[in-house]
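Chemist: Supplied in structure tokens, the structure appears directly below.
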Amino acid sequence: MSKDTNVRWGWLKGMYIFTLIHAGGTGLGIILIPSIVRSVFGWPNQDPIVFGICGSVWIAFGLLSILGLRSPLKISPVLLLQLCYKVVWFIGVLLPILIAGEFPAYAIAYVVFFAIYIIGDLIAIPFSYVFAKQLDR
């Protein structure tokens, strides 16, 4: 890693902890007690296969975050993937819903937490490290 790489270690580890607790916990809830999770968040009934995929992916992010606590730089592409899919969701899903004027109240939680992730990941991800050539590391 080059000397000029600025790593915000606290932010990086904080995002792993946040992902472990929030995404991992929500994913476990979706898999283990889906009806209670839907009720708590006010989510409508959903296709169990798609809902289960969402839960499984969030559990995977939580589990990978455990590895991120141990090797923060090596696992940082996980945060980059998380950042990318949430930005895509904002642009490809939320924006059309807002334009159509059909924003459901239960989506507020998604918007808030996804925005927290996006801001946190933008601060935490050491982009100069992630996008550096292998020899520069």
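The values are calculated or read from the model by the stated rules, or taken from the named source; none is laboratory data. Since the model is a prediction, treat every value here as computed from it, not as a measurement. Glycine gets a Cβ as well: all are built from the backbone with ideal geometry, and neighbour counts include every protein chain shown.
Chemist: What are the pairs, 6+ residues apart or on separate chains, where a residue within the range 97-109 that is closer than 17 Å to Q46 by Cβ has its Cβ under 6 Å from a residue that is surrounded by 11 or more Cβ atoms within 10 Å (Cβ to Cβ)?
Modeler: Qualifying pairs under 6 Å: I97/F103; Y106/G42; Y106/W43; A109/F41.
Chemist: Can you tell me how many residues within the range 1-30 are part of a helix (DSSP H, G or I) and of a type outside the set (G, A, S)? Walk me through it before giving the result.
Modeler: Step one: filter the range 1-30 for residues part of a helix (DSSP H, G or I), giving 9-30.
Retained after the next criterion (residues that are of a type outside the set (G, A, S)): 9, 11-13, 15-22, 26, 28, 30.
Residues flagged as part of a helix (DSSP H, G or I) and of a type outside the set (G, A, S) within the range 1-30 amount to 15.
Chemist: A further question follows. Report whether or not L98 is more than 26 Å from K13 (Cα to Cα), hydrophobic (A, V, I, L, M, F, W, C) and surrounded by 12 or more Cβ atoms within 10 Å (Cβ to Cβ). Step through it out loud before you land on a result.
Modeler: On the way: more than 26 Å from K13 (Cα to Cα): yes; hydrophobic (A, V, I, L, M, F, W, C): yes; surrounded by 12 or more Cβ atoms within 10 Å (Cβ to Cβ): yes.
For L98, the condition - more than 26 Å from K13 (Cα to Cα), hydrophobic (A, V, I, L, M, F, W, C) and surrounded by 12 or more Cβ atoms within 10 Å (Cβ to Cβ) - is met.
Chemist: For the range 32-74, enumerate the residues that are touching a Ser or Thr at 6+ places or on another chain (Cβ under 8 Å) and at pLDDT below 95.
Modeler: V37
Chemist: Anything in the range 60-73 that is surrounded by fewer than 17 Cβ atoms within 10 Å (Cβ to Cβ) and farther than 17 Å from L122 by Cα? List them, or say none. First the steps, then the outcome.
Modeler: Start the filter on the range 60-73 by keeping residues that are surrounded by fewer than 17 Cβ atoms within 10 Å (Cβ to Cβ), which leaves 60, 63, 66-67, 69-71, 73.
Those that are surrounded by fewer than 17 Cβ atoms within 10 Å (Cβ to Cβ) and farther than 17 Å from L122 by Cα: A60, L63, I66, L67, L69, R70, S71.
Chemist: Considering only residues that are modelled with pLDDT under 95 and exposed (fewer than 12 other Cβ atoms within 10 Å of the Cβ), look in the range 107-135 and name the one that is nearest to N6 (Cα to Cα).
Modeler: Filtering first and then ranking leaves F131.
Chemist: Being outside any helix (DSSP H, G or I) and not aliphatic (A, V, I, L, M) is the requirement here; does P72 meet it?
Modeler: Numbers: outside any helix (DSSP H, G or I): yes; not aliphatic (A, V, I, L, M): yes.
Yes: the conditions hold for P72.
Chemist: Something else now. Could you list, in sequence order, all residues of the range 10-59 that are surrounded by fewer than 17 Cβ atoms within 10 Å (Cβ to Cβ), small (G, A, S) and either touching a Lys or Arg at 6+ places or on another chain (Cβ under 6 Å) or in contact (Cβ under 8 Å) with a residue 24 or more places away in the chain (or both)?
Modeler: The answer is G14, G25, G42, S56.
Chemist: If you go through the range 12-50 one residue at a time, how many are aromatic (F, W, Y) and under 20 Å from A105 (Cβ atoms)?
Modeler: As a first pass, look at the range 12-50 and keep what is aromatic (F, W, Y): 16, 18, 41, 43.
This time we only want the ones that are under 20 Å from A105 (Cβ atoms), so: 41, 43.
Residues flagged as aromatic (F, W, Y) and under 20 Å from A105 (Cβ atoms) within the range 12-50 amount to 2.
Chemist: Inside the range 31-47, can you point out the residues that are more than 21 Å from A60 (Cα to Cα), assigned to a loop (DSSP other than H, G, I, E, B) and polar (S, T, N, Q)?
Modeler: N45, the sole residue that qualifies.
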